[in-house]
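Some notes on the structure that comes next.
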Amino acid sequence: MSIWERFERIDARLVYLFMALALVLPVLRPIGMPISINPHLTQPFFDWIEGRLPPNSLVLMDAAYSAGPAAELEPQLVANFIHLMRRGHKVVVMAQWEMGAVLARTTLDRVAKEVGAVYGVDYVVAGWRAGGTPWVRSLQDDFWAGMAAVDVDGVSFERLPLMARARALTPEHFAGIIIYASGSPGVATWITWFPEMPLYVGNVAVQVPGNMDELAAGQIRGMLSGLRGAAEYELLIDKPGRAVKLMDAQSMAHAMIIILLVLGNVGYVMKGRRKAA
């Protein structure tokens, strides 16, 4: 049996082994494969935080996701939070999805230790409340009342100095909104009811095409596309992290699939030529 015939008949267990190695090794030891920065999606997002936000701005983050999409969205949230803290801004997190508030609190508490951010002073996770769109709209009039004046852990806003600045969800108090969106409710809430607020979106990759019209119309100012968008942002802030590692793994897995497809098909063609001869 020739080498090409062996490739055509390669044991499936070897394919799984090669794929596992292609996925695991880049995570353990990143390769550093080149990643270009999207000038229409990621770059405007970065530029807003880097230079367009007034000093000491207060930004609202909406953790509109659950555990499933967290793999794509949490690296985005982490990169944005690090950037905001570096630039001296403040963050209040709310969530249109109940689980998002808990996930965001766990993630940001971990990252806060790395950047020296203090809970209640530099960031607060206000949490989630029942009520849907009417509840979110009520935050325009009185953020404290809409959030029952307590954070995700039940701590009174009066004990959190940062919340003195977050009396209403209006441009006078918040410089902009970042939503990490994985479905509904999500981006539409902010576009429909808060058109005067600058909106930036961290999206799961599958939702990006559906939001391109809003981006072109200026209703969305910048957007991160799934894990790739998170990796681009990590490179822009010069802090390669989990997203860059996972993009290396993804690229290597794609390369492995292509190589195996080519070898298998070459084996098939070579066997056909031998039979014809």
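The values are calculated or read from the model by the stated rules, or taken from the named source; none is laboratory data. Note that the structure is a prediction, hence the values are computed from the model and not measured. Please note: Cβ atoms are built from the backbone with ideal geometry, for glycine as well, and neighbour counts cover all protein chains shown.
Things to note:
- Selection of region 75-88 for residues being of a type outside the set (A, V, I, L, M) and closer than 23 Å to TRP128 by Cβ yields PRO75, GLN76, ASN80, PHE81.
- Any pair with Cβ under 7 angstrom, 6 or more apart, that starts in region 1-23 at a residue that is assigned by TED's automatic domain parsing to the domain that holds LEU260 and farther than 19 Å from TYR268 by Cβ and ends at one that is modelled with pLDDT under 80 and part of a helix (DSSP H, G or I): LEU23/ALA249
Yes/no matrix, rows are residues, columns are (1) surrounded by 11 or more Cβ atoms within 10 Å (Cβ to Cβ); (2) polar (S, T, N, Q); (3) under 21 Å from GLU214 (Cβ atoms):
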| position | (1), (2), (3) |
| --- | --- |
| ARG13 | no, no, no |
| PRO30 | yes, no, no |
| MET33 | yes, no, no |
| HIS40 | yes, no, yes |
| TRP48 | yes, no, yes |
| GLY51 | no, no, no |
| SER57 | yes, yes, no |
| ALA64 | yes, no, yes |
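- Neighbours by Cβ (under 8 Å, 6+ apart or cross-chain): first from region 67-96, outside the structural domain of ILE178 (by TED's automatic domain parsing); second among the hydroxyl-bearing types (Ser, Thr, Tyr) and crowded, with 24+ Cβ neighbours inside 10 Å: none
- Listed here are the helices (runs of 4 or more DSSP H) enclosed by region 64-160 that have at least 2 residues being within 18 Å of THR170 (Cβ to Cβ): 132-138, 143-146.
- Going through (1) modelled with pLDDT under 95; (2) touching a strand residue (DSSP E or B) at 6+ places or on another chain (Cβ under 7 Å) one by one, LEU162 falls short only on (1).
- Answer residue from region 86-106, given it is of a type outside the set (A, V, I, L, M) and within 19 Å of PHE46 (Cα to Cα) and is farthest from the chain's Cα centre (by Cα) among those: GLY88
- Flag if GLY132 is at pLDDT below 95, in the same structural domain as GLU74 (by TED's automatic domain parsing) and surrounded by fewer than 13 Cβ atoms within 10 Å (Cβ to Cβ): yes
- Within region 145-195, the set of residues being within 19 Å of HIS89 (Cβ to Cβ) and free of Cβ contacts under 8 Å to residues at least 12 places away in the same chain comprises ALA164, GLU172.
- Residue check, PRO54 assigned to a loop (DSSP other than H, G, I, E, B) and more than 26 Å from GLN140 (Cα to Cα): no
Table: residues versus (1) within 21 Å of ARG110 (Cα to Cα); (2) of a type in the set (Phe, Trp, Tyr).
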| position | (1), (2) |
| --- | --- |
| VAL24 | no, no |
| ILE31 | no, no |
| TYR65 | yes, yes |
| PRO75 | yes, no |
| ALA79 | yes, no |
| ILE82 | yes, no |
| GLN96 | no, no |
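- Where helices (runs of 4 or more DSSP H) sit wholly within region 180-259, those with at least 1 residues that are more than 30 Å from ILE31 (Cβ to Cβ) occupy 187-193, 212-217.
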